Structures are given as structure tokens and as C-alpha cells.
């Protein structure tokens, strides 16, 4: 369904350009869910915005790469041609529903705007379609909710509205950027179940961007681990959680507290901090925090290497032996 090849994106800060996405490549099959995980600042959201060509200009740019959706390369399309793709063939649920909805427009006005592409549909027909969408995402009394303003809805209902807007055109690919942020645990579970149900119903490919490893373990078929604007490991979900090979993946999983964690024991933490823009060296992006790093790691970038079927890792000295 989706192939991303060597995607690179930069931002300009105080007259200098910094590359924040460095040659990212991955694939997503129809009906499958890819989870992208990593710390804040690792490049997850920039990846999604680059795929949707929503990088703000003039201080942001996509440097290079290819994005193929069902055999068509998207980055080479003109802005006018890509508008026919964005929202129809690929859509996105943005990170914060509290700020993604227009506070001065009703839910109905915003939802019907996402249906404006529907050729030949008049206002009444679009309203009926909007009601059906709200009903599909589990909002009761949809006719009344269309007259509501965003501040009159709970966080969970706003997120459902955002999902309804994203699936309005029945896209082939849905990108969900932190769809459960700021929601309580019960609502999180409902939103994730809703996404799974809609994915199966519409046969969509789904990219789930999150820092919640529990969410990933329950919902994703494949996992891509990001650090410093690059992918460091890709693997099937169960394989990654059972046997992470990259030291960063290992650190993320080991830092999860379990119900059997001994009382009084300190949680595992990855040493150091994520370097700022311009502070990454010429070698491995993780070298400053890695306890397995050696001299070559400081000067050479480890390539993403396939170590098993459906499994790749970018490390000269991965856990479990050299590649």
C-alpha cells in the first residue's frame, strides 16, 4: 500500500538549516498497522507531516525521498494534484483534538467541509452524510452534535470527530498521530478499538504514531523505532518486544514498569539526553547514550541491515551478535 524511501526533511532556525529527518524508509501493507515509536523529538510527527506534505514553508522543506501509494509517487505531484490525494487517499488524525478543531465553527460545519469533495451532494445530503459519520464513530444523537461547538464536547468526543473527518473520504491510508494523548485510560481503549474497527471495515492501512508501548503491543503488526530523525530498528511487534536488537529499542522496552516490578527498585533509564539540533555527530545517532558503542560508531553511520525475515536493525554491535 505505502512505500517510503529515504525521506529527508529539514527546518531553518536562525538562518541555518538542520536536517531533522534523515533517510527514513519503511512500508505498510493494506489492512496492516505500523507503529512508529520513540522519545519526543525523535522525528515521529515530522514523518507524518512529511508524508502529508504539510511541512510549513518557507522554514521547512522536504529535501529528498520518495513516497509511493499504490504504485504512484506522491512527492513529485504538483501541489494542486496532491490536494486530490490528501484527505481522500491518505488522511491524518492530528495529535491534539483540543486545538485541531476550529473553536468558532460548529462540528457540523467542519465535518461537512471535509465532505465538500462529494460531487453532486447538496447541503442536506452532506448533512446526512455527516450524521452517518458521527454515528459510525460512536457518537450518540449525531444530529444534535452537529450543532455543537468544540468546547461543548469532551476530549474523547472531539477525538471521535477528528476520526470522522479523517475517514470521510474512505482513505486507503490513515495516519494517527498520538490519537490517545490527554485522554483517560478508558477513553483511550475506546478510541483504539474504534480505529481497529474502522480499519477492518474500510480495509485501510494504518500508521500509529505513539510513545505508548502498551498501545503498540496491542494494536500494531509491525513496529518502527525512531531516534534522532532516523529509523534504528524495524520488526514484527511480538518479535521486537520479545527480543529487541538495537540498544535504544532495548532501553525503551526495559524502561516499562510491570506489575511484577520489585518494590523499591528503580526503573531502568536510558543514560544521557537526546542531543539538540546540530549536536549529532557524523556517526551513529545513538552513540552518545549507548553502552555498546565503539570507535567506529563515532565516525560511521550504521546502515539498516536485514538480520532476519521482516527484521532490520541499524547497529554495528546489536544485541544478540554482530550483523
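Values computed for the structure shown
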item	result
Complete set of residues in the range 283-307 that are touching a strand residue (DSSP E or B) at 6+ places or on another chain (Cβ under 8 Å) and free of Cβ contacts under 8 Å to residues at least 24 places away in the same chain	305, 306
Neighbours by Cβ (under 8 Å, 6+ apart or cross-chain): first from the range 261-282, in the same structural domain as residue 228 (by TED's automatic domain parsing) and in contact (Cβ under 8 Å) with a residue 60 or more places away in the chain; second surrounded by 11 or more Cβ atoms within 10 Å (Cβ to Cβ) and assigned to a loop (DSSP other than H, G, I, E, B)	274/39; 274/41; 274/42; 274/228
Residue among 174, 183, 192 that is crowded, with 17+ Cβ neighbours inside 10 Å, assigned by TED's automatic domain parsing to the domain that holds residue 220 and under 19 Å from residue 49 (Cβ atoms)	174
Boolean, residue 19 is more than 22 Å from residue 164 (Cα to Cα), more than 16 Å from the chain's Cα centre (by Cα) and in a helix (DSSP H, G or I)	no
Output for the range 57-71, where each listed residue is over 30 Å from residue 286 (Cα atoms) and surrounded by 12 or more Cβ atoms within 10 Å (Cβ to Cβ)	69, 70
Count of the range 140-156 residues which are more than 18 Å from residue 115 (Cα to Cα), more than 21 Å from the chain's Cα centre (by Cα) and outside any loop (DSSP other than H, G, I, E, B)	4
The range 172-188, residues that are touching a helix residue (DSSP H, G or I) at 6+ places or on another chain (Cβ under 9 Å) and either without any contact (Cβ under 8 Å) to a residue 60 or more places away in the chain or over 29 Å from residue 251 (Cβ atoms) (or both)	172, 173, 174, 180, 183, 184, 186, 187, 188
Qualifying residue in the range 36-56 (condition: in contact with a helix residue (DSSP H, G or I) (Cβ under 8 Å, 6 or more places away or on another chain), over 29 Å from residue 13 (Cβ atoms) and crowded, with 17+ Cβ neighbours inside 10 Å)	no
Elements of type strands (runs of 3 or more DSSP E) in the range 33-139, at least 2 residues being closer than 18 Å to residue 6 by Cα and modelled with pLDDT of 95 or more	33-37, 60-69
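Condition check ((1) crowded, with 21+ Cβ neighbours inside 10 Å; (2) in contact with a helix residue (DSSP H, G or I) (Cβ under 9 Å, 6 or more places away or on another chain)) across all residues:
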residue	(1), (2)
102	no, yes
112	yes, yes
128	no, no
165	yes, yes
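Every residue, every condition in (1) over 24 Å from residue 6 (Cα atoms); (2) touching a residue at least 12 places away in the same chain (Cβ under 8 Å), yes or no:
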| residue | (1), (2) |
| --- | --- |
| 170 | yes, yes |
| 191 | yes, yes |
| 211 | no, yes |
| 217 | yes, yes |
| 220 | no, yes |
| 224 | no, yes |
| 233 | no, yes |
| 242 | yes, no |
| 249 | no, yes |
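The values are calculated or read from the model by the stated rules, or taken from the named source; none is laboratory data. The shown structure was predicted, so the numbers you read here are calculated from the model rather than taken from an experiment. Methodologically, a virtual Cβ is constructed for each residue, glycine included, from the backbone with ideal geometry; neighbour enumeration extends over all protein chains shown.
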